[in-house]
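Data first, discussion second: the structure below is written as structure tokens.
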Amino acid sequence: MGQELFAIIDGATNLLSAAVRMGAPLLLASAGLVFTARAGMSNLGTEGVMLMGAFSGVVGAYLTGSPWLGALLAICIGVIFELIVAFLVVTARANQVIVAMATNLLALGLTSSYGRVIFGVSTRPPRVPPYPLFKIPFLADIPVLGPVLFSHNALVYLAFFLVPVTHFILYRTSLGLKVRVVGEHPRAADSVGVNVYLVKYLCCLTRGAMAALAGSYLSLGALNMFTENMVAGRGYMAVSAVIFGKWTPVGSALGALLFGAGDALQMRLQAMGWGLPYQFVQALPYVITLVILTGLVGKAVQPAATGEAYSKE
Amino acid sequence: MSIKRIFGKGVVMLLIVCLVGSVSVLAGCGGGSKEEPAPSGEGEKPSDGSSSSGDSSAPKKVALILPGEITDMGWNSYAYNGLMKARDLYGVEVAYSEKVSDSDAEEFFRGYAKDGYDLIIGHGFEFGEPATKVAKEFPDVKFAVTSINLSQEPNVGSITTDNPQQGFLAGAVAALLSEKGKIGYVGGREIPPVIEKQKNSELGAKHVRPDCEYVSVILGTYDDLQKAKESTYSLIEQGADVIIANADKSTIAILEACKEKGIKGLGIGGEYRDLAPETIPVDVINDASACIVVLVEKLVKGEFKPEFTRIGIKEGAVRLTEWNDWVPQEVKDGVQKAIEDLEAGKVELIRVAK
């Protein structure tokens, strides 16, 4: 009996720490996405920016030998990429969904081609130094909680740390208020002297930095290499997490962790070998999400001016 | 103020078009194509001025349609290497397209046929249908599909390496290496070759060790390396101490997880042995490049027929590499015996592919 209990606790610990590892990139990205989403902008280009981040992180680490300089390069590239996107959707008022699709395709093409230019067409992707695992002293030794929360790399801690920070910025500062007003009613914001364009640009750049960092978590944290299309849909999942969380930082974080947990559970159900069809098991996380979305979360209302380009005239 | 007023609407549209347009140039997802001319300076090339011998002396043109990237360290890399080898061996002119989706395949076949290619190879069972369809429109062009059993008069043939044999051998290796008698399998998408290897690796494991436990995870994708790694962890948590990885470019992440957790792992579908010599005992090779070489050889010799060919252990298309040092002799002997049992026909392999 005691042994069984021990096995269950052990299993739960493994499940939860996998959930945190799987949820971390979504969590990181969503810290930027809430800003753009609240400013009324479409986030569908996140996948591409994450891919750019995953790639440039590895390039940076490859060239300098340091994952942290890799992260820095990832952030720079993410910001530059989003600057172009912001120019297109904010200044040039192009359709956001179209630009997002172009962003994703461009990122896939750029990273694939330059990956081959820089690393060559070889059967061995170059290995780079990954983000080191950092166990927080003492806390990491706590049973269950230790392995789940305090035995990760620095980006995971950053991801958790950013949840209250984004919450604070969004709800307790004037900048956060401006962001929210721009998303709801840009003309009203403009009439009281808020620079709508500047707010949108800032949100975009934040998103770029965070999404790129999230991408680098995949290439430098979970693994230590870049492969083509390695983000594998996580950009869209981060977008879903933000919608799931009703465009709030805390809700988005819960969404991100729930998605991570769903995936972690799905793998374990398969590994148990109960003979369930794997398609059913793989769909399970999404079924759970749907049930929670429709049953528990209630009606989701997006910022009123979402997807609209703002023009002063 | 508005940028549209300053530059005009056309400029903005142009910018967007450029952005989208550059993607296709950059080998994005529409399937990047590349042509590689036949190596010049080969002896069989006719000398200048006297090239009146007609079409028959011009190098044959071979096109390869790939479902993934040539950098995947597995399925597609093999085919690419095979194509390059065939080019060097037979002096054919070659071209290939990467990341061709099932739905686009037909257009790629048709395009190459119209461009005067003599042989168009679809690398993967999923290209069977488009190949047979387009082949009817171009009776003079040869079409071939790998990893499927199909043929159509007069111009569609197919070839496959013996996936079940490879799965069987990998299972035998894993079961003999396992300390706890529990092995795991991580597969990519649920497609006939992956399922065939899954079923036969279980068969192989139980052939050499009847009490061997077998657990498996199907990823449903080849791109998601983090998922591959985490799935491997979950198998290890279940007590598996040897993992068979069959997930193309994700294989490398699966083996990485094995290395991290200090267990053994082997990848099928590529050569991984030197990646983590202390983790990987041996590679069970399934040399898809041989398929391409054989097809081109048949074309050049004029022996291409609408028939199905299977190449396996006997032809050297399925084989084991050298063992890493630490592997115990009894494991090697056990695997050798499994190979002999296979060749003697003592095993009935499970074949799911048509």
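None of the figures in this text is laboratory data; all of them are computed from the coordinates on show. Quick caveat: nothing in here was measured; it's all calculated off a predicted structure. Virtual Cβ from ideal backbone geometry, glycine too; neighbours counted across all protein chains shown.
Would you mind finding the longest exposed-site-free stretch of chain A, with exposed trypsin sites (Lys or Arg not before Pro) meaning DSSP loop and at most 15 other Cβ atoms within 10 Å?
By the stated rule (loop sites, at most 15 other Cβ atoms within 10 Å), A:128-298.
Straight-line reach from B:K197: which aspartates and glutamates have a Cα under 12 Å away, not including same-chain ones fewer than 8 places off?
B:D162
Using only Cα atoms, find the angle between the long axis of helix A:46-64 and the longest principal axis of chain A, and express it within 0 to 90 degrees, rounded to the nearest 10.
Taking the Cα atoms of chain A, the angle to A:46-64 is about 70 degrees.
Specify the angular offset, from 0 to 90 degrees and rounded to the nearest 10, of the alpha carbon long axis of helix A:96-119 from the longest principal axis of the alpha carbons in chain A.
With both axes taken from Cα atoms, the answer is about 60 degrees.
Highest GNM mean-square fluctuation, chain A, Cα pairs closer than 10 Å: which of A:G146, A:G275, A:G255?
A:G275
Projected onto the charge dipole of the protein assembly as shown (+1 at Lys/Arg Cβ, -1 at Asp/Glu Cβ, origin at the Cα centre), which of B:G68, B:V100, A:Y201 gives the Cα projection farthest towards the positive end?
My answer, from the dipole projection, is A:Y201.
Say each of B:E278 and A:K299 gets a label point 7 Å from the Cα, pointing the same way as Cα to Cβ; how far apart are those two points in nm?
Modelled inter-label distance: 6.1 nm.
Compute the Cα gyration tensor for region A:5-149, then decide on rounded, prolate or oblate, letting a ≥ b ≥ c be the square roots of its eigenvalues: rounded whenever a/c is under 1.5, prolate when a/b is larger than b/c in the other cases, and oblate in all that remain.
oblate
Restricting things to alpha carbons, tell me how big region A:9-53 is in terms of Rg and Dmax, in Å.
14.2, 43
Given labels modelled 7 Å from the Cα in the Cβ direction, how far is it in nm from A:W68 to A:I84?
3.0 nm
Working from Cα positions, state the angle (0 to 90°, nearest 10) between the long axis of helix A:67-86 and the longest principal axis of chain A.
Helix A:67-86 sits roughly 40 degrees off the main axis of chain A.
For B:E260, B:E93, B:E322, A:E82, what ranking results if the residue with the fewest other Cβ atoms within 10 Å of its Cβ goes first? Can you show the working numbers first?
On the way: B:E260 14, B:E93 18, B:E322 9, A:E82 27.
The most exposed by this proxy come first: B:E322, B:E260, B:E93, A:E82.
Give me B:D118, B:D224, B:D88 sorted ascending by neighbouring Cβ count inside 10 Å, so fewest comes first.
Numbers: B:D118 21, B:D224 25, B:D88 13.
Lowest count first: B:D88, B:D118, B:D224.
Given C-alpha coordinates of region A:202-282, what is the ratio Rg to Rh with the Kirkwood estimate of Rh?
1.05
Report the Stokes-Einstein translational diffusion coefficient (µm² s⁻¹, integer) for chain A, Rh taken as the Kirkwood radius over Cα pairs, at 4 °C with viscosity 1.567 mPa s.
64 µm²/s
When N is the residue count of region B:229-312, what does its C-alpha Rg come to as a fraction of 2.2 N^0.38 Å?
Cα Rg divided by the expected 2.2 N^0.38 Å: 1.46.
Taking the Cα centre as origin and putting +1 on Lys and Arg beta-carbons and -1 on Asp and Glu beta-carbons, what dipole magnitude results for region B:214-354, to the nearest 20 debye?
Charge dipole of region B:214-354: 480 debye, to the nearest 20.
Sequence neighbours fewer than 8 away in the same chain don't count; with that in mind, list the aspartates and glutamates whose C-alpha is under 18 Å from B:K60.
The qualifying aspartates and glutamates are B:E35, B:E36, B:E42, B:E44, B:D88, B:E93, B:D115, B:D118, B:D140, B:E297, B:E303.
Which ordering of A:E308, A:E228 is given by a fewest-first count of other beta-carbon atoms within 10 Å?
Final ranking by Cβ density, sparse to dense: A:E308, A:E228.
Kirkwood hydrodynamic radius for the protein assembly as shown: how many Å is it when counted over pairs of different Cα atoms?
Across the protein assembly as shown, the inverse of the average 1/r is 26.8 Å.
Quick one: which of B:K85/B:K301; B:K85/B:K298; B:K85/B:K305 span more than 18 angstrom between C-alpha atoms?
Table pairs above 18 Å Cα-Cα are B:K85/B:K305.
Just checking the output field for B:232-239: average partner chain Cβ neighbours within 10 Å of each residue's Cβ?
Neighbouring Cβ atoms belonging to other protein chains average 6 per residue here.
Using every Cα-Cα pair within region B:304-354, state what percent have a distance larger than 15 Å. Can you show the working numbers first?
Details: 812 of 1275 pairs.
The share of Cα pairs beyond 15 Å in region B:304-354 comes to 64 percent.
Counting only pairs 8 or more places apart or on different chains, how many lysine pairs in chain A have C-alpha atoms closer than 28 Å?
Values: A:K178/A:K200; A:K178/A:K246; A:K178/A:K299; A:K178/A:K312; A:K200/A:K246; A:K200/A:K299; A:K200/A:K312; A:K246/A:K299.
Qualifying lysine pairs in chain A: 8.
Within 11 Å, Cβ to Cβ, of A:L51, how many net charges do the neighbouring residues add up to if Lys/Arg are +1 and Asp/Glu are -1?
With Lys, Arg at +1 and Asp, Glu at -1, the neighbours total -2.
Could you pull out the GluC sites (Glu not before Pro) across region B:113-189 that fall in loop regions by DSSP (anything but H, G, I, E, B) with no more than 12 other Cβ atoms inside 10 Å?
The qualifying sites are B:E137, B:E179.
If I model a spin label at A:L177 and B:Q152 as a point 7 Å from the Cα along the Cα→Cβ vector, what separation in nanometres do I get?
6.9 nm
Looking at region B:88-175, I'd like the Rg to Rh ratio, where Rg is from alpha-carbon atoms and Rh is Kirkwood's inverse mean 1/r.
Radius of gyration relative to Kirkwood radius: 1.07.
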